[in-house]
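Q: One structure, as structure tokens, below. Some questions next.
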Amino acid sequence: MKRLTQEQIQLLKDELATEMAGYLVDDFHLTPGEAIDTIYTSETFERLQNDDTGLYYQSAGYVYDFLKNEILNAKVA
């Protein structure tokens, strides 16, 4: 089985963050800048950046559920 390169993994992570930002704009009426800031300061983003979690293989909706739960439980400012 061929493994993904680090560049491919980073591209997947970037795409997930972009899609999740769109969800935040829609669901929480954030500006795009606020959405990106929210993502980058979240525990979910930290987990996404850790290759060992494998979150980059998941759908944006799946990862966004973690972020949304984190926001709704007031863990993200």
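Q: Keeping all protein chains in place and using 1.4 angstrom, which order do TYR62, TYR57 fall into by accessible surface area, from largest down? Numbers along the way, then the final one.
A: Values: TYR62 105, TYR57 145 Å².
The most accessible residue leads, giving TYR57, TYR62.
Q: Given [x] 23, 12, 10; [y] 17, 13, 12; [z] 20, 13, 10 as candidate values of semi-axes √(5λ) of the Cα gyration tensor in Å, which corresponds to the one derived from the coordinates?
A: Correct label is [x].
Q: Per residue, how many Å² of accessible area does the chain show with a 1.4 Å probe?
A: On the way: 5230 Å² over 77 residues.
For the chain, the per-residue accessible area is 68 Å².
Q: Would you mind telling me the share, in percent, of accessible area of the chain contributed by carbon and sulfur at probe 1.4 angstrom?
A: Details: 2710 of 5230 Å².
Carbon and sulfur: 52 percent of the exposed surface of the chain.
Q: Placing +1 at every Lys and Arg Cβ and -1 at every Asp and Glu Cβ, with all other atoms neutral, what dipole size does the chain have around its Cα centre, in debye to the nearest 20? Don't skip to the answer; put the middle values down first.
A: On the way: 6 positive and 14 negative charges, 49 e Å.
In debye, rounded to 20, the chain gives about 240.
Q: Stretched out fully, how many nm does the piece from GLN6 to THR53 gain, at 0.36 nm a residue minus the Cα gap? Numbers along the way, then the final one.
A: Values: separation 47, 0.36 × 47 = 16.92 nm, distance 1.46 nm.
Computed gain between GLN6 and THR53 is 15.5 nm.
Q: Where does helix 6-28 land angle-wise versus the long Cα axis of the chain, in degrees 0 to 90, nearest 10?
A: Long axis of 6-28 versus the principal axis of the chain: about 20 degrees.
Q: Can I ask one more? Tell me the accessible surface of LEU30 in square angstrom (1.4 angstrom probe, heavy atoms of protein chains only), to the nearest ten.
A: My reading of the accessible area for LEU30 is about 40 Å².
The values are calculated or read from the model by the stated rules, or taken from the named source; none is laboratory data. Keep in mind that what you see is a predicted model, and the values were worked out from it rather than measured. Counting neighbours? That spans all protein chains shown, and the Cβs are built from the backbone with ideal geometry, glycine included. We work out accessible area using only protein heavy atoms, side chains counted, and drop any ligands, DNA or RNA first. Shrake-Rupley method; radii C 1.70, N 1.55, O 1.52, S 1.80 Å.
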